[in-house]
Amino acid sequence: FAHPDEYRPTHDAKFVLENIASGSAKFDEIQTEMRRSMPQARIVRIQRSSNPNLERLYEQRRNFIHDKQGFALEKELWHGTSVDAIPVLLKHGLQPPADSVPSADCPSSGGRGLCTTLCGTECRHCSQAHAWGKCHMYGLGVYLADLAQKSHQYVRKPRKGVYSMLLCRVCLGNPYLIESNLLSSAAMHDLCWCQDPSEFLESLAVDWSIANGHDSFYVKGQAGAQKQGLGVFNSEYIVFQPFQILPLYLVEIGR
């Protein structure tokens, strides 16, 4: 299917970055949270992103989930990616990955250190299918973490020794808990929405709610008890609907 860029709800979106003063309550809160898992981290700058278009879309999605479930769990979570991709994410939001890889010849997605393209189906360069490569273990969604150190592992292409991450408000809705190993490394790789993963797991922590469904995956870290390539050490969260995520803070870290 064609997905013309001008039809995207964020096509005309604009964002503004405002510096958060060092020593302010929010700066200290984010710094404390980051140093919980990265005690030696040195924050260079924190900026608050304001994007009215994304904020409206996030509220619409959150209200929809609240009406459906009767509640909507929200958390602030970290996301690490290629630093070169961050302006696109602040404009359009964090998008679930495409099922194709970026071409080196693509002016939009090439050379950014990404494993999936930022482009739509119209791109004549990014046409090669994305296959399992020890990535996206729990489906083609957006991956976030409650530990900064976990997301920092996925930061690519730092600029002049400065690493950038996003701290996001995330509407998890009614998350589905996964705390066992996968039956195979690539078992869930091709999932493109939050669906019943029972057939892909060794055991179930809870039964899938058919009546309400679930709005995200919460994969509980096994702290070393996981089987190699079949589970995770630290917890992570996977969201498949882009407007359940609102990027709020751009955090720059020096090394």
Looking for something under 22 Å from residue 193 (Cα atoms) and basic (Lys, Arg) - is there at least one such residue anywhere in the stretch 140-153? no
Can you tell me which condition residue 102 does not meet? The list is (1) without any contact (Cβ under 8 Å) to a residue 60 or more places away in the chain; (2) part of a helix (DSSP H, G or I); (3) not hydroxyl-bearing (Ser, Thr, Tyr), and all the others hold. (2)
Check residue 237 against each of (1) under 30 Å from residue 68 (Cα atoms); (2) assigned to a loop (DSSP other than H, G, I, E, B); (3) among the aromatic types (Phe, Trp, Tyr) and name the one condition it does not meet. (2)
Check whether at least one residue in the stretch 118-136 is under 23 Å from residue 243 (Cα atoms), β-branched (Val, Ile, Thr) and assigned to a strand (DSSP E or B), and report yes or no. no
So for the stretch 54-62 (the condition being open to solvent by less than 90 Å² (accessible area, probe 1.4 Å), touching a His at 6+ places or on another chain (Cβ under 9 Å) and modelled with pLDDT of 95 or more), does at least one residue qualify? yes
Going through the stretch 171-185 one residue at a time, which ones are of a type outside the set (S, T, N, Q) and open to solvent by less than 40 Å² (accessible area, probe 1.4 Å)? 171, 172, 173, 175, 176, 178, 182
Suppose we keep only residues that are small (Gly, Ala, Ser) and in a loop (DSSP other than H, G, I, E, B) within the stretch 79-99. Which one would you say is modelled with the lowest pLDDT? 98
Would you please name the residue that is surrounded by the fewest Cβ atoms within 10 Å (Cβ to Cβ), looking only at residues in the stretch 186-209 that are of a type in the set (Asp, Glu) and under 21 Å from the mean Cα position of the chain (by Cα)? 190
When you scan the stretch 71-111, how many residues do you find that are among the charged types (D, E, K, R), within 21 Å of residue 15 (Cα to Cα) and open to solvent by 50 Å² or more (accessible area, probe 1.4 Å)? 2
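The values are calculated or read from the model by the stated rules, or taken from the named source; none is laboratory data. Every value quoted in this text rests on a predicted model; they were computed, and no experiment measured them. In this analysis, Cβ positions are derived from the backbone assuming ideal geometry, glycine residues included, and neighbour counts consider all displayed protein chains. SASA here: full protein model, heavy atoms, side chains in, ligands and nucleic acids out. Shrake-Rupley method; radii C 1.70, N 1.55, O 1.52, S 1.80 Å.
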